[in-house]
Amino acid sequence: MRSAPIVSEAIQDFFSGHPELKGKALLVAYSGGVDSSVLLAALAASSICPLRAVHVVHNLRTEEELSAERAIVTASCRRLGIPLTIATIRRGAIEELAGERGIGTEAAARELRYGILKRIAKRKGYGMICTAHNADDQLETLIGRFISASSLDGLSGMRSLRDMGGGLSLARPLLSVSRKEIERYAASNGIPYSTDSTNAMLGFTRNRIRNTLVPVLDQGFSGWRKGLLETSARLDSDREILEGSLSRILSSCRFESGRKRASVDLERFLSAPAALRTRILARGLNAAGRRGRLSHNAMRAAADAIARGVRGLDLLGVRIFLREGRLEFLPILDFRTEDRYFFQVDSEGLYRSGPISLSLRWMEPEASGTLPMKDREMEPGYLLEGSFSFPLIVRSRKPGDMIEAGEGGRKVDELLQSWHMEKRLRDAVPVIEDRWGIVAVLATSLSGSGLANEKFRDFSGSRDGRRLYIRLKGA
């Protein structure tokens, strides 16, 4: 039978095309369905790489069906001699995430599933996650993206190998194999697999495409599969040309995902074609930790607004503003409690937000001793000139804050705890940040607190310049 070699040859071809992957351990996403069951069995038969299977229980079906599926998964891994990890998503968690993000159940399940796979891969020391996406999945994905007005990137389709970030790669060795060939392989080799009852539910977009639209296309347009795949391949070639042009523009940009900030040369941005401007904006938003997704029309409108001279705008939890010929991208802190504050300042002056006021004042170092007695509290709580850059953000702490002070830096929460202050004061202490990270944690700037604690970012410059005194009142 010709069907069995097609699957095996696809796997051999994948690793022949990526010889650097041979021998590297693979974490295989094993749902128990026919696609992943064939993938796991074929990979085991090839003996190309060490394997570990991960079975994610989504808890969207009855316990009876899930239990039967787990039995098949466990027995198959035992028979193949492959270690197995079973991870369970709490019942209701997928629906909750879908509601919070305003996305479908499919998208929420996929987000949680990939998050689990990534965490297990990192914990177990695997650099590659392998999934059983096939040619039919590719076609269904392309149809879904076309219907939803996808970008050129989306219409280029799924890739057989892509970088997931964080040192992880995603491999899809069966992407050229049809589902019929996979089913034939399973039948000819006696591979057991489960059937997911939700695959027949037309409430899911992919199921409607698979069960309703694809049969109509098969019946009326015999060459549509080949045509769509060839169109996607051509678009992918066009995308590569755009990516080359984009890379040259991005050479003048700075993207720091770890610090959640980006900076783009405005002149290079304005000289780019419209198709590249939206991509530049997307890169900057991603680096600054954007929240959610924005339509192409909205991204295009934002790019056009910047081209018309708008000096600042907010998108997806990121503030974009013009400074010294560059577009700066910084995250917007969306504090929802009344005891939090956030100021962005470009110079000395007085700033107010409700009952809270923030004052910044430059002074020469010898001038502080001549202050009137009522202003002597200005003596502590300042930043040295040259140790930071405007714009400054003055805000209350947030989870994950780190200050680069000493080898490896230090968590702000641990720092405040070491100062032995009560929690209400910890939430009020000013955290001061510029484009490169946290400049200082200045408890001395909290007016009326009597606190004498300060921590500054490492700075090796002159200490003889002006001082920017900072005072926060009402926090």
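Laboratory data are not the source of any read-out in this text; all were calculated from the coordinates shown. Since this is a predicted model, take the numbers as computed values, not measurements. Here the Cβ positions follow ideal geometry from the backbone for every residue, glycine too, while neighbour counts run over all protein chains shown.
Take every DSSP beta bridge whose two residues both sit in the chain; close to 75 percent of them are antiparallel. With Cα atoms as the point set, the chain shows a radius of gyration and Dmax of 27.9, 96 Å. Here the relative contact order of region 3-230, from alpha carbon pairs under 8 Å that lie six or more residues apart, stands at 26 percent. What does the C-alpha gyration tensor say about the overall shape of region 91-180? Classify as rounded when a/c is under 1.5, otherwise prolate if a/b is larger than b/c, or oblate. Oblate. Counting only DSSP H runs of at least 4 residues, each contributing -39500 (n - 2.57), and dividing by the residue count of the chain, the helix-based mean residue ellipticity at 222 nm comes to -12000 deg cm²/dmol. Within a straight-line Cα-Cα reach of under 23 Å, residue 24 can be paired with the following lysines, leaving aside sequence neighbours fewer than 8 residues apart in one chain: 118, 122, 124. Apply the a/c threshold of 1.5 to the C-alpha gyration tensor of region 122-255 and tell me whether it is rounded, prolate or oblate. Verdict is oblate for region 122-255.
For residue 68 and residue 464, what is the calculated FRET efficiency with R₀ set at 56 Å and r taken between the beta-carbons, to the nearest 0.05? Efficiency, rounded to the nearest 0.05: 0.15. A viscosity of 0.692 mPa s and a temperature of 37 °C, combined with the Kirkwood radius over C-alpha pairs in the Stokes-Einstein formula, give region 3-230 a diffusion coefficient of 178 µm²/s. Taking the Cα centre of each part, how many Å lie between region 454-470 and region 156-206? Cα centres, region 454-470 to region 156-206: 57 Å.
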